[in-house]
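**Q** Just dropping this structure here.
Each value in this text was obtained by applying a stated rule to the coordinates, not by laboratory testing. Note that the coordinates shown come from a computational prediction; the quantities given were computed from them, not determined experimentally. Using ideal geometry, Cβ is built from the backbone for each residue, glycine included, and neighbour counts are taken over all protein chains shown.
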Amino acid sequence: MTELDLRGTPCPLNFIRTRLALEKLPAGGSLQVDLDRGEPETMVGSGIRGDGHGVEIQAHPDDPSAVRLLIQRAALAADG
């Protein structure tokens, strides 16, 4: 599983970095992304779902001000 720690990274840069990391993964690959709660969580989660990928949002295990997104790359992702 590829991991990204984007806590402290502003929108939309966190979404762009997440999307670029997903594009490098094979179909069905997994990506773990740590983000700040609030706008980053909402924007990245909805944007990645909109691209057709699976997204599960969990509480961050070590940081109460953050969340962890577990993303499964879609078989036929909307890249480009």
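**Q** Please identify every one of the trypsin sites (Lys or Arg not before Pro) in region 8-45 that sits in a loop by DSSP and has no more than 16 other beta carbons within 10 Å of its own beta carbon. Kindly include the intermediate steps, with their values, before the conclusion.
**A** Numbers: sites: 17, 19, 24, 37; in loops: 24, 37.
Qualifying residues, ordered by number: 24, 37.
**Q** With charges set only on the Cβ (+1 for Lys and Arg, -1 for Asp and Glu), what does the dipole of the chain come to about its Cα centre, in debye to the nearest 20? Display every interim value, and only then the final one.
**A** Details: 8 positive and 12 negative charges, 42 e Å.
Dipole size: approximately 200 debye.
**Q** For region 2-72, what is the Kirkwood hydrodynamic radius in Å, using each pair of distinct C-alpha atoms? Working shown, then result.
**A** Numbers: mean 1/r = 0.0851 Å⁻¹.
Computed over Cα pairs of region 2-72, the Kirkwood hydrodynamic radius comes out at 11.7 Å.
**Q** Moving on to the next point. If you restrict to DSSP beta bridges whose two residues both lie in the chain, what percentage is antiparallel, to the nearest 5? It would help to have the intermediate numbers written out before the result.
**A** On the way: 13 of 17 bridges.
Of those bridges, close to 75 percent are antiparallel.
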